[in-house]
1. In whole Hz and in residue order, list the ³J(HN,Hα) couplings for region 278-295 that follow from phi through the Karplus curve 6.51 cos²θ - 1.76 cosθ + 1.60, θ = phi - 60°; x for Gly and Pro.
2. Exceeding 32 Å between C-alpha atoms, which entries from my cross-link table qualify? They are Lys135/Lys342; Lys294/Lys356; Lys48/Lys284; Lys48/Lys174.
3. Does region 134-229 come out rounded, prolate or oblate by the C-alpha gyration tensor, with a ≥ b ≥ c the root eigenvalues, rounded set by a/c under 1.5 and, if not, prolate when a/b is larger than b/c and oblate if not?
4. What residue among Gly266, Gly13, Gly300 shows peak mean-square fluctuation when the chain is described by a Gaussian network model with Cα springs under 10 Å?
5. Once phi is turned into ³J(HN,Hα) by the Karplus curve 6.51 cos²θ - 1.76 cosθ + 1.60 with θ = phi - 60°, what whole-Hz value does each residue of region 379-394 show in order, with x for glycine and proline?
6. Using the Karplus equation 6.51 cos²θ - 1.76 cosθ + 1.60 (θ = phi - 60°), what ³J(HN,Hα) coupling, rounded to whole Hz, does each residue of region 398-409 give in order, writing x for Gly and Pro?
7. Excluding Arg235 itself, what net charge comes from residues whose Cβ is under 11 Å from its Cβ, given Lys and Arg +1 and Asp and Glu -1?
8. Which of the three applies to region 277-382, rounded, prolate or oblate, going by the alpha-carbon gyration tensor with a ≥ b ≥ c and a/c under 1.5 meaning rounded?
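What follows is calculated from the coordinates using simple rules that are stated; it is not laboratory data. What you are looking at is a predicted structure, and each value in this text was computed from that prediction instead of being measured. Every residue, glycine among them, receives a Cβ derived from its backbone with ideal geometry; neighbour counts consider all protein chains shown.
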Amino acid sequence: MPAVVVADINLAGNETTKGQVMLRELTFAPGDTIPAEALEPLLQENQKRLVNLRLFHHVNYSYTCAEGQVRVTYEVQERFYLYPIPIFDFADRNFNAWLEKKDWSRIDYGLNLILRNFRGRNEEVRVRVQRGFNKRLELGYRIPYVWRKYNLGADFSVADYRSRTISYTNLNNKQRFFEQENGMPIKRSSVSAALVHRQNVQRQSGLRLSYFNEQISDSVAFLNPEYYRHAQRERQYTRVELYRVINLRNNFAYPTAGSYFEAALGQTLFLEKSGSPYTSARAKYVRYLPFWGKYTYMAGAEGQLRLAGRHAFADNIALGYRSYVRGYELYVVGGQHYGLFKQGLTRQLLDIKSIKLTFIDNPKFNNVPLALYLNAFTDAGYVVDDVFGQENPLTNRLLLGSGVGLHAVTFYDIVLRLEYTLNRESDTGLYFSARFPF
């Protein structure tokens with residue numbers, strides 16, 4: 001079988017990004033011998049790896065071959081790496097939960113500042129200053145490599161959260177709020193540090209250590225003595241979590257092929273006898289199967305186990321926040337354990353690689369991609385709650401939802417979803433979201 005030797009790898013367009021950051025992601029290096037028929041698939045696969053760094057608008061490659069020697073060039077168009085994102089958001093779990101109240105005082109505002117590719121080394125600095133109904137201050141710093149020999153990186157963060165309201169219990173799977181005009185009924189601060197083993201952009205493992213301090217007002221402890229248990233007003237705890245992520249999706253923003261796996265095991269220990277220790281485990285697996293032209297089938301599942309001698313209401317989180325059965329966006333289904341299954345069939349309607357904005361000179365902003373997808377889906381979920389489920393009929397019951405949606409993917413990996421759903425309770429609704437469904 002004829003073979004070629006990689007004589008050289010050249011990079012172009014990376015004015016900010018260090019060449020070593022890109023070269024570390026490649027699965028081949030100068031001096032490697034490659035079967036001739038495998039060269040093109042290899043270059044395409046590595047093109048996807050560079051795209052999934054999410055540092056570039058596009059990545060192209062070219063090569064020359066003479067006397068069995070191949071010289072490869074990857075040319076990139078860098079993104080703008082400073083993201084000053086204004087915060088104007090609803091203080092509730094999602095837009096439709098806010099729409100039920102239509103209370104314009106429940107608005108958050110501020111600035112979320114993200115500096116990606118700091119120093120050209122794919123480092124990230126995060127600053128969030130949020131005011132309004134919920135007040136947040138968050139600082140974070142991620143370093144892909146602190147010990148290159150062993151592919152070890154680190155992630156640090158500190159956060160402070162305060163709110164004028166608190167969901168102190170659930171009744172009929174609806175949150176019940178206590179609002180305090182003067183003062184904050186809940187305060188939460190945290191410090192977190194993680195050591196990350198980063199094999200590449202697709203495979204990462206980590207060990208995270210976090211410390212939390214939480215306080216509630218006397219009124220909250222009176223309304224629900226089991227919020228922290230025994231009418232406590234304050235608790236401190238540490239959490240150790242070991243996690244693993246294998247992300248083999250063809251596109252991290254809106255995948256149409258590949259697979260995704262993540263799993264985590266954590267232990268939470270309370271200080272000064274402020275709670276009962278618990279062990280948590282969670283896992284998620286999703287498969288994306290392209291077939292028949294522009295169609296993609298997606299199927300995946302995730303689950304959680306939380307094992308403790310005694311449970312506090314504040315930790316009784318299952319479906320209704322980040323994870324939920326579509327069609328139940330207006331409900332909260334708390335519990336100790338849950339399972340969630342999702343499947344969907346997607347058809348690409350439109351794929352415009354670039355809409356040229358002639359009134360903008362900067363190439364990092366004047367080319368806007370736009371892709372539209374039609375999606376039909378069914379979801380199923382089940383939550384086990386042996387402690388707080390008596391007055392919440394959706395717990396310990398199979399949840400079913402289905403519907404159709406229109407998804408848009410555009411500038412800087414922004415995903416927008418508009419979905420019409422029907423659930424097992426015969427509720428229908430039109431829901432909006434700004435993230436990938438699974």
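1. Karplus-based 3J(HN,Hα) across region 278-295 equals 9, 10, 10, 9, 9, 8, 8, 9, 9, 10, 10, 10, x, 7, 6, x, 9, 9 Hz.
2. Working: Lys135/Lys342 34 Å; Lys294/Lys356 25 Å; Lys48/Lys284 23 Å; Lys48/Lys174 43 Å.
Correct reply: Lys135/Lys342; Lys48/Lys174.
3. Working: a/c = 3.36, a/b = 2.60, b/c = 1.29.
Cα axes put region 134-229 in the prolate bin.
4. Gly13
5. Result, ordered by residue: 10, 9, x, 8, 10, 9, 9, 9, 10, 10, x, 4, 9, 10, x, 7 Hz.
6. Karplus values, whole Hz, x for Gly and Pro: 6, 9, 10, x, 8, x, 10, x, 10, 10, 10, 10.
7. Numbers: positive: Arg188, Arg229, Arg233, Lys273; negative: Glu214, Glu234, Glu272, Asp315.
That sum, taken over residues with Cβ under 11 Å, equals 0.
8. Working: a/c = 3.09, a/b = 1.96, b/c = 1.57.
It is prolate, given that a/c is not under 1.5 and a/b is the larger ratio.
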